[in-house]
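What follows is a set of notes on a single structure, which appears directly below.
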Ligand SMILES: *Cc1c(COP(=O)(O)O)cnc(C)c1O
């Protein structure tokens, strides 16, 4: 039996010829396709500006820098995320703290956030940036986070790595209706892929210009922005800040542009699989992912919970057995602060109780557009069998 991973790219014939066309063209990087890809993302999610880069991690980093995150300032994010969300803050020499998750959505808890903010205000340690993460593709309660940001004066970066194509209050995630910047990932397990890649979206022109410049060494070719010798022909570019090489290649942008034309199809297929899983598990011991009415998930992940008290086998035993059966279940996520690097920064086990409870119960089971009906059946039967009392 073939191995069934938890996530996988779907590459069409059109994707392959799009990449081939780039390889035959004059530009492998910094050509005409990148701005086209950025424009199409902007149109799709209804946001004014898009900066595509070589990963979501890079996008999170330059988003933090553009918002002015500095040494010893605070960035807060969800405990239930990939390490990249928190690392972006550390790259800026800022301090990072974690908000516990909501019991139902597994997204950052508004109650915990409110309480932490109240305390931080009295201690004079308010965060500069709060980074909600749309876990599995379901939007956070952005309206509440926006209200809190006005009260406590912090900036908002949405880590929407899971969530391109998803919606919140009938707007596409990435429209930045309730945030300063949103970030997508185009890693192969995500909704659309460029191999490696990511993008930041913003309606703010100044943030856009900063991120564009940081993507490419802090250099500009725009004479209007030159700080010295604006009329000297020899000066055709100037470095104005310390940026990076975070550029996306034309090969990646070509793949991304082609993938973007399949996005609705991809999301529909993911929704169908989620619906089938919901039906299959509804009268079992398996806890299926709850959905808020405000959100329309992209279903990057399908996280189920196994409460070992109700099943004959523990989460860990089921994890091992499913892997033995060639089903690539995963754990999303180990709470970030439980990683050795973060422990050394002083975080202790038990810091975010709900995130740890979730970590001990969650299994993410395969979901991706190419997952066939018979493969879905294999996953369903195996999980039902292992969770029978
Ligand atoms: C995948 C992911 C990232 C990092 O994305 P890259 O494109 O691999 O850098 C960041 N945050 C979350 C929540 C992710 O799932």
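The values are calculated or read from the model by the stated rules, or taken from the named source; none is laboratory data. Keep in mind the model is a prediction, meaning the values are calculated, not measured. Cβ atoms come from the backbone with ideal geometry, glycine included; neighbour counts cover every protein chain shown.
Has segment 184-205 got at least one residue that is over 22 Å from the mean Cα position of the chain (by Cα), away from the ligand (no atom under 16 Å from the Cβ), touching a residue at least 60 places away in the same chain (Cβ under 8 Å) and surrounded by fewer than 14 Cβ atoms within 10 Å (Cβ to Cβ)? Yes, that holds for at least one residue. Against the conditions (1) in contact with a helix residue (DSSP H, G or I) (Cβ under 9 Å, 6 or more places away or on another chain); (2) in a loop (DSSP other than H, G, I, E, B), residue 188 satisfies every one except (1).
Among the residues making up segment 39-56, those that are within 16 Å of the ligand (Cβ to nearest atom) and either closer than 16 Å to residue 172 by Cβ or out of contact with any helix residue (DSSP H, G or I) (no Cβ under 9 Å at 6 or more places or on another chain) (or both) are 41, 50.
Answer with yes or no whether residue 342 is within 16 Å of the ligand (Cβ to nearest atom), in a helix (DSSP H, G or I), under 29 Å from residue 94 (Cβ atoms) and touching a helix residue (DSSP H, G or I) at 6+ places or on another chain (Cβ under 9 Å).
Numbers: within 16 Å of the ligand (Cβ to nearest atom): yes; in a helix (DSSP H, G or I): yes; under 29 Å from residue 94 (Cβ atoms): yes; touching a helix residue (DSSP H, G or I) at 6+ places or on another chain (Cβ under 9 Å): yes.
It is true that residue 342 is within 16 Å of the ligand (Cβ to nearest atom), in a helix (DSSP H, G or I), under 29 Å from residue 94 (Cβ atoms) and touching a helix residue (DSSP H, G or I) at 6+ places or on another chain (Cβ under 9 Å).
For segment 346-389, the tally of residues that are surrounded by fewer than 17 Cβ atoms within 10 Å (Cβ to Cβ), touching a residue at least 24 places away in the same chain (Cβ under 8 Å) and farther than 21 Å from residue 287 by Cα stands at 1. Among the strands (runs of 3 or more DSSP E) confined to segment 59-172, the ones with at least 2 residues that are away from the ligand (no atom under 16 Å from the Cβ) are located at 95-99.
Any idea how many residues of segment 326-339 are closer than 21 Å to residue 380 by Cα and either crowded, with 19+ Cβ neighbours inside 10 Å or within 16 Å of the ligand (Cβ to nearest atom) (or both)? Give the steps one after another, and end with the answer.
If we filter segment 326-339 for residues that are closer than 21 Å to residue 380 by Cα, which is where we start, we get 326-332.
Now restrict to residues that are either crowded, with 19+ Cβ neighbours inside 10 Å or within 16 Å of the ligand (Cβ to nearest atom) (or both): 327, 329-332.
Count: 5.
Of all residues in segment 290-310, those being at pLDDT below 95 and either outside any loop (DSSP other than H, G, I, E, B) or within 15 Å of residue 278 (Cα to Cα) (or both) number 0. Of all the numbered requirements in (1) within 19 Å of residue 66 (Cβ to Cβ); (2) away from the ligand (no atom under 14 Å from the Cβ); (3) in contact with a strand residue (DSSP E or B) (Cβ under 8 Å, 6 or more places away or on another chain), residue 209 misses one, and that requirement is (3). Among the residues of segment 34-47, those that are in contact (Cβ under 8 Å) with a residue 12 or more places away in the chain and more than 18 Å from residue 155 (Cα to Cα) comprise 34, 36, 37, 38, 40, 41, 42, 44, 45, 46.
Of all the criteria given as (1) closer than 23 Å to residue 358 by Cβ; (2) buried (at least 21 other Cβ atoms within 10 Å of the Cβ); (3) under 13 Å from the mean Cα position of the chain (by Cα), the one not satisfied by residue 75 is (3).
Among the residues of segment 228-255, the ones that are touching a helix residue (DSSP H, G or I) at 6+ places or on another chain (Cβ under 7 Å) and assigned to a helix (DSSP H, G or I) come to 5 in all. Scanning segment 146-167 for residues being in contact with a helix residue (DSSP H, G or I) (Cβ under 6 Å, 6 or more places away or on another chain) and crowded, with 24+ Cβ neighbours inside 10 Å gives a total of 7. Confirm whether residue 258 is in a loop (DSSP other than H, G, I, E, B) and touching a residue at least 24 places away in the same chain (Cβ under 8 Å). No, not satisfied. Which condition breaks for residue 285 when tested against (1) loosely packed, with under 15 Cβ neighbours inside 10 Å; (2) on the phi < 0 side of the Ramachandran plot; (3) touching a helix residue (DSSP H, G or I) at 6+ places or on another chain (Cβ under 9 Å)? The single condition residue 285 does not satisfy is (1).
Yes or no: residue 164 farther than 25 Å from residue 358 by Cβ and touching a strand residue (DSSP E or B) at 6+ places or on another chain (Cβ under 7 Å)? Write out each step before concluding.
Working: farther than 25 Å from residue 358 by Cβ: no; touching a strand residue (DSSP E or B) at 6+ places or on another chain (Cβ under 7 Å): yes.
Spelling it out, it is not the case that residue 164 is farther than 25 Å from residue 358 by Cβ and touching a strand residue (DSSP E or B) at 6+ places or on another chain (Cβ under 7 Å).
Which count do you get for residues in segment 7-16 that are part of a helix (DSSP H, G or I) and touching a residue at least 24 places away in the same chain (Cβ under 8 Å)? Number of matching residues: 2.
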